[in-house]
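First the structure, in the form of structure tokens, and then the observations on it.
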Number of protein chains: 2
Amino acid sequence: MDFQVSFNVNNKLFVKDPENTDLGRQIVKNAIDLIYTLGFEQFTFKKLAIEIQTTEATIYRYFENKHKLLLYILNWYWSYMEFLVMFKLQNLDNPEIKLIAVIDLLTSDLPNTSGKFDYNKKYLNQIVISESSKAYLVKDISEINKDEVFKPYKDLCSKIADLISEYNPKYKFPKSLTTTLIESSHQQQFFADNLPKLTDVCEVNQKDFVRSFLKDLLFKTILI
Amino acid sequence: MDFQVSFNVNNKLFVKDPENTDLGRQIVKNAIDLIYTLGFEQFTFKKLAIEIQTTEATIYRYFENKHKLLLYILNWYWSYMEFLVMFKLQNLDNPEIKLIAVIDLLTSDLPNTSGKFDYNKKYLNQIVISESSKAYLVKDISEINKDEVFKPYKDLCSKIADLISEYNPKYKFPKSLTTTLIESSHQQQFFADNLPKLTDVCEVNQKDFVRSFLKDLLFKTILI
DNA sequence: TTTAATAGAATAGTAATACTATCATTTTTA
DNA sequence: TAAAAATGATAGTATTACTATTCTATTAAA
């Protein structure tokens, strides 16, 4: 089986659609590698330009600034995630099993697809963990929010929140619980790697630890 | 009643202790105001220097860079928070009431103390909400962690985690739950203000909403 | 009381960042 | 085959994140 997944990333996020050209795809792919390697603060268009042997000016033809490029990458991730959720929940009808599948997705690396988007999924995952909150923790959040750049994230949240309401229609905070689960899944993974004293991780598998913590948290909270 | 609260902020965070001089205290106080106003990314030592009518070079005599200054401010906050927790829990012995008091603290503005530290507590609170994760979401986290700059945060977490274990000794994730509560309290307040669709906030009091969400989450999760 | 150390002000300078602008050249498309 | 679009090459600007030096005022130690 081989198929292509494609989704439109909000066109306010780029000046020129990077999906349409070789260079554009190179920019995004190498941006993921470089942001992973350097961290978002140390990442610059200059360094990216050197990496792919082009010029800063050329990269500015695709993206206004590095913040928009980060948002572009995250939008791609959230859209892909929503697709994966949809895909994995197909033919499931037990709400509990569906929610377990969602938590498994949130705490696993993205599957490696072939084809057009050969982004490094491990790096992408790590970027989401370490950098995604920098996309919204900015002073001009209300300005950038007007361009609907957080729509894929909101859509994913609302899809998961619906599953929670399906499981327990009386639970009062389905969206807040969803964002808490998602953000906590990132944090706990980050803490487990970097500030383990802030977690209860034990030496063994960290992903398993985060997974069991979140499942416990979720199902106790929405118990009928 | 009038008393002075004082705690030592880790001396690796400054070149010269700002608490010892008028200028030093001015730097910290105005840094809080400016970071609140501009956001951490737009905040620079140059702008701060202009604000307090001194020079960049002088500020560099106190702090190596703006990241260390942010850490200094956050360390002050976490130490103060731990003091407040200790203070509020005095003479309480019911673990449930203690935990409720902690959540109330996490979702309230800091009390305005008089005296030496007339930092704007509302601004400080907002900085913790919007900027604190930028203190640890950096590439060189393991380097800076060696200087124990996260000790006050870890101490506070461990104090709260102990309360959870006191309430339910069998609960397996007291630290992870604590960090989730703390970070979620920031996130949900931020989202309620800026991306309300990611929460279940209704028009009325946002602090009350976050508080009831967190209490519900906490006590359901640690139910015996 | 003189000396010496320190704090801060003033100024200058550097490398890097985050862009913008222009123009020539190559590639694509009509 | 001409026109349009994409890219490369180069240059330039304001700002940032520092470092260094020199001078003066203040304070502390000998």
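The figures follow:
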read-out	value
Test result for A:PHE14, within 22 Å of A:VAL138 (Cβ to Cβ), open to solvent by less than 80 Å² (accessible area, probe 1.4 Å), within 19 Å of the chain's Cα centre (by Cα) and within 12 Å of DNA strand D (Cβ to nearest atom)	yes
Those residues of the range A:107-133 which are open to solvent by 20 Å² or more (accessible area, probe 1.4 Å) and either away from chain B (no Cβ under 13 Å) or at pLDDT below 95 (or both), in sequence order	A:SER108, A:ASP109, A:PRO111, A:ASN112, A:THR113, A:SER114, A:GLY115, A:LYS116, A:ASP118, A:ASN120, A:LYS122, A:TYR123
Selection count where residues are within 11 Å of another protein chain (Cβ to nearest Cβ) and surrounded by fewer than 21 Cβ atoms within 10 Å (Cβ to Cβ), scope the range B:150-160	4
Failed item in (1) away from DNA strand D (no atom under 14 Å from the Cβ); (2) more than 15 Å from the chain's Cα centre (by Cα), with A:LEU74 passing the rest	(2)
Selected residue (criterion: nearest to the other protein chains (Cβ to nearest Cβ)) from residues of the range A:175-215 that are of a type in the set (Lys, Arg) and either in contact (Cβ under 8 Å) with a residue 24 or more places away in the chain or farther than 30 Å from B:PHE209 by Cβ (or both)	A:LYS197
Flag if A:GLU64 is without any contact (Cβ under 8 Å) to a residue 60 or more places away in the chain, more than 14 Å from chain B (Cβ to nearest Cβ), open to solvent by 40 Å² or more (accessible area, probe 1.4 Å) and under 22 Å from A:ILE144 (Cβ atoms)	yes
Selected residue (criterion: surrounded by the most Cβ atoms within 10 Å (Cβ to Cβ)) from residues of the range A:161-174 that are more than 8 Å from chain B (Cβ to nearest Cβ) and free of Cβ contacts under 8 Å to residues at least 60 places away in the same chain	A:ALA161
Among (1) under 18 Å from A:LYS134 (Cα atoms); (2) under 16 Å from the mean Cα position of the chain (by Cα); (3) open to solvent by 70 Å² or more (accessible area, probe 1.4 Å), the one test that A:ASN8 misses	(1)
Residue among A:GLN26, A:GLN53, A:GLN42 that is within 14 Å of another protein chain (Cβ to nearest Cβ), within 12 Å of DNA strand D (Cβ to nearest atom) and either crowded, with 20+ Cβ neighbours inside 10 Å or free of Cβ contacts under 8 Å to residues at least 40 places away in the same chain (or both)	A:GLN42
Filter result for the condition that a residue is buried (at least 16 other Cβ atoms within 10 Å of the Cβ), away from DNA strand C (no atom under 13 Å from the Cβ) and either within 14 Å of chain A (Cβ to nearest Cβ) or at pLDDT 95 or above (or both), over B:LEU48, B:LEU34	B:LEU34
Top-ranked residue of the range B:191-205 - restricted to ones that are open to solvent by less than 10 Å² (accessible area, probe 1.4 Å) and part of a helix (DSSP H, G or I), ranked as nearest to A:SER176 (Cα to Cα)	B:LEU198
Elements of type helices (runs of 4 or more DSSP H) contained in the range A:80-187, each with 1 or more residues being under 26 Å from A:PRO18 (Cβ atoms), in contact with a Ser or Thr (Cβ under 9 Å, 6 or more places away or on another chain) and among the hydroxyl-bearing types (Ser, Thr, Tyr)	A:121-136, A:151-167
Search result, residues across the range B:80-89 that are buried (at least 17 other Cβ atoms within 10 Å of the Cβ) and in contact with a Lys or Arg (Cβ under 9 Å, 6 or more places away or on another chain)	B:GLU82, B:VAL85, B:LEU89
Test: B:TYR136 is crowded, with 21+ Cβ neighbours inside 10 Å and away from chain A (no Cβ under 14 Å)	no
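The values are calculated or read from the model by the stated rules, or taken from the named source; none is laboratory data. From a predicted model like this one, the values you see are computed outputs, not experimental measurements. Glycine also receives a Cβ, built like all others from the backbone with ideal geometry; neighbour counts cover every protein chain displayed. What goes into the accessible areas is simple: the full protein's heavy atoms, side chains included, and nothing from ligands, DNA or RNA. Shrake-Rupley method; radii C 1.70, N 1.55, O 1.52, S 1.80 Å.
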